[in-house]
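Single-structure report; data block below.
The values are calculated or read from the model by the stated rules, or taken from the named source; none is laboratory data. Note that the structure is predicted; figures quoted are calculated from it, not measured. Note that we place each Cβ from the backbone using ideal geometry, even for glycine, and neighbour counts take in every protein chain shown. Note: areas computed on protein heavy atoms with side chains; ligands, DNA, RNA excluded. Shrake-Rupley method; radii C 1.70, N 1.55, O 1.52, S 1.80 Å.
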Amino acid sequence: MKSDIEIARSIELTKIKDIAREVDIPVDHISNYGRYIAKVNEDLIDEERVKKSNLILVTAITPTKAGIGKTTVSIGLALGLNNIGKKAIVALREPSLGPCFGMKGGAAGGGYAQVLPMEKINLHFTGDFHAITSAHNMISALLDNYLYQNRDNGFGLKEVLWRRVLDVNDRSLRYIVTGLGPKSNGITQESGFDITPASEIMAILCLATDEKDLRRRIENILLGFTFDNKKFTVKDLGVAGAITVLLKDALSPNLVQTTEHTAAFVHGGPFANIAHGCNSILATKMAMTFGDYVITEAGFGADLGAEKFYDIKCRKAGIEPKLTVIVVTARGLKMHGGVDQKKIKEPNMEALMNGVSNLDKHLRNLKAFGQSIVVAFNKYAEDVDDEIEFIKQHCNDKGVGFAVNNAFTDGGKGAEELAKLVVDTINESASKPLHYAYEEEDSVETKISKVACNQYGASMITYSTTSRKKIMQIQELGYSSFPICIAKTQYSFSTDPKIYGAVDNFEFHVQDIIINAGAEMLVVVAGEIMRMPGLPKEPQALHIDIVDGEIEGLS
């Protein structure tokens, strides 16, 4: 079979205006970025149409380092739905350059279920990530300059909360010192970099409902505290207008196409292990305005992405999925059944039987949110029939629909079985109204406990001295009603990435709580999790090149 990038290049793209016309998007409301990419004016969102659309969330079991294939399933499902005569649009996140050149090599789907043009989407695309990075670091520069210019007036901050960001995995920048050298270089202080998908500006862009809301949220960003314990915000800095200008174009959703020329929105890109893991509200609502069925995904496993999708995105956007699709692979289940990752491609029924406990725990959690569920088995070449049949029978015993997804090799035709199951399930037993994991009026500790104990299986919550102080600070500032966004490892229900399966009765240690006053959420940092990833021993950058004018190595 051809590589992902060979398949992508083999497909003759349709002009983006024709893609827009296919789903009734008025072409005079789109701005072309070349022939095959466009931004769509967010004013086209129609809330009445949004209410009538069938929203479908794609999530997954706890992933392996090789991934599970949610994006391929999401795109494949959209292709399958269109194949059986439905008007379906997929809404996804934008890839980050960090994992693109680090571990993954890209995030635009795979095989014959991709969003195109794949190279541009995986690289600089429409410049949204650059705009977010620039806006974030502009605030950093303006804040440092404000402190420098006003140092002789007696103004200063006893604590600066705002760090810098970069869309590259760079462990050397996690903790730095700025302002070294002569006094004209600024005030010497500790700082550091997070990766752009963890930026509060990224979260704000993805949660903002319009330009006015974008500016309001930017104004509310908490930068630090003065020596008399007063908060200092972007509004106090007086630059919210300038930052909004930098983000004006980035706010509009991006329209592209799939391998079978169906419409796809790709917009925003927060990670789910260190941020809230969902594409923008605007892109999802735009897709729901023009699509009868809209497929979106939430990053990593259901414990991270799906929970945040329901408790943060759906709560704030006023939307609810009609169905949740959970992606499983035999590889992933075997790993959770105790097999070493190097051997997960080999047949092993015993490991599979042990590993389904991870799926069962996710199913229980999703049902607690009121969700109707379909299991999508993402098939790989080495999968054997008796193992697939075992998983299917296990799902049937649990009263959950099951379908094999072959979109990677067969495109939309390979996802028709899944598409039909999705339509039938929505028609016969759509999800109940969302039951959130916690209430907004719950205390911060209660919110953390409800997610960590009820969703993850923790038996004890412990707090560092720093996080205890942050909770008191949050209460004093009036931020206790914000939803929580737990930052932890994606490879386990626990905070230990090496504990697989359906672990229970573990200690959940809260290291820190980061106040995102503009995004209106509290980032709860648990366990040893870094908001700036490092590169692996053999980064994907070693395999990416340009040969005879063609890019190679992306996937």
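Listing for the model above:
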{"quantity": "Any pair with Cβ under 8 angstrom, 6 or more apart, that starts in region 1-27 at a residue that is free of Cβ contacts under 8 Å to residues at least 60 places away in the same chain and ends at one that is open to solvent by less than 40 Å² (accessible area, probe 1.4 Å)", "calculated": "Lys17/Ile30; Lys17/Ala38; Pro26/Ala20; Pro26/Leu44; Val27/Ala20"}
{"quantity": "One residue from Val177, Val165 being open to solvent by 40 Å² or more (accessible area, probe 1.4 Å), of a type in the set (A, V, I, L, M) and in a strand (DSSP E or B)", "calculated": "Val177"}
{"quantity": "Neighbours by Cβ (under 7 Å, 6+ apart or cross-chain): first from region 528-555, under 12 Å from Gly102 (Cα atoms); second modelled with pLDDT under 90 and of a type in the set (Lys, Arg)", "calculated": "Gln540/Lys104"}
{"quantity": "Thr71, sole failed condition from (1) free of Cβ contacts under 8 Å to residues at least 24 places away in the same chain; (2) within 30 Å of Pro497 (Cβ to Cβ); (3) not hydrophobic (A, V, I, L, M, F, W, C)", "calculated": "(1)"}
{"quantity": "Filtered residues of region 445-477 (kept if surrounded by 15 or more Cβ atoms within 10 Å (Cβ to Cβ), over 19 Å from Gly305 (Cα atoms) and either basic (Lys, Arg) or touching a Ser or Thr at 6+ places or on another chain (Cβ under 6 Å) (or both))", "calculated": "Ile461, Lys470, Ile474"}
{"quantity": "Tally, over region 356-378, of residues that are surrounded by 19 or more Cβ atoms within 10 Å (Cβ to Cβ) and of a type outside the set (A, V, I, L, M, F, W, C)", "calculated": "7"}
{"quantity": "Filter result (charged (D, E, K, R) and assigned to a helix (DSSP H, G or I)) within region 420-441", "calculated": "Lys420, Asp424, Glu428"}
{"quantity": "First in region 468-481 and in a loop (DSSP other than H, G, I, E, B), second anywhere and open to solvent by 50 Å² or more (accessible area, probe 1.4 Å) and modelled with pLDDT of 95 or more, Cβ under 6 Å, 6 or more apart", "calculated": "Ser481/Glu440"}
{"quantity": "Some residue of region 511-523 being in a strand (DSSP E or B), in contact (Cβ under 8 Å) with a residue 24 or more places away in the chain and over 20 Å from the mean Cα position of the chain (by Cα)", "calculated": "yes"}
{"quantity": "Qualifying position, being at pLDDT 95 or above, out of contact with any Lys or Arg (no Cβ under 7 Å at 6 or more places or on another chain) and crowded, with 18+ Cβ neighbours inside 10 Å, among Ala20, Ala60", "calculated": "Ala20"}
{"quantity": "Considering residues of region 275-296 that are of a type in the set (Val, Ile, Thr) and part of a strand (DSSP E or B) only, the residue surrounded by the fewest Cβ atoms within 10 Å (Cβ to Cβ)", "calculated": "Thr296"}
{"quantity": "Check on Ile139, of a type in the set (Val, Ile, Thr), surrounded by 23 or more Cβ atoms within 10 Å (Cβ to Cβ) and under 30 Å from Ala240 (Cβ atoms)", "calculated": "yes"}
{"quantity": "Pick from region 95-117, criterion among the hydrophobic types (A, V, I, L, M, F, W, C) and more than 16 Å from Gly269 (Cβ to Cβ), ranking: surrounded by the fewest Cβ atoms within 10 Å (Cβ to Cβ)", "calculated": "Leu116"}
{"quantity": "Some residue of region 486-501 being assigned to a strand (DSSP E or B), crowded, with 19+ Cβ neighbours inside 10 Å, at pLDDT 95 or above and not hydroxyl-bearing (Ser, Thr, Tyr)", "calculated": "yes"}
{"quantity": "Considering residues of region 192-228 that are within 28 Å of Leu97 (Cα to Cα) and free of Cβ contacts under 8 Å to residues at least 40 places away in the same chain only, the residue surrounded by the fewest Cβ atoms within 10 Å (Cβ to Cβ)", "calculated": "Asp213"}
{"quantity": "Condition check for Ala306: of a type in the set (Gly, Ala, Ser) and in a loop (DSSP other than H, G, I, E, B)", "calculated": "no"}
{"quantity": "Selection count where residues are more than 19 Å from the chain's Cα centre (by Cα) and assigned to a helix (DSSP H, G or I), scope region 43-94", "calculated": "13"}
{"quantity": "Residue within region 331-339 that is at positive phi and in contact with a helix residue (DSSP H, G or I) (Cβ under 8 Å, 6 or more places away or on another chain) present", "calculated": "yes"}
{"quantity": "Residues (open to solvent by 60 Å² or more (accessible area, probe 1.4 Å) and in a helix (DSSP H, G or I)) located in region 142-162", "calculated": "Asn145, Tyr146, Gln149, Arg151, Asp152, Asn153"}
{"quantity": "Looking only at region 68-86, and only at residues there that are surrounded by fewer than 21 Cβ atoms within 10 Å (Cβ to Cβ) and not β-branched (Val, Ile, Thr), the one that is nearest to Asn427 (Cα to Cα)", "calculated": "Lys86"}
{"quantity": "Residue, farthest from Lys65 (Cα to Cα), within region 340-355, restricted to residues that are out of contact with any Leu (no Cβ under 6 Å at 6 or more places or on another chain) and open to solvent by less than 20 Å² (accessible area, probe 1.4 Å)", "calculated": "Ala351"}
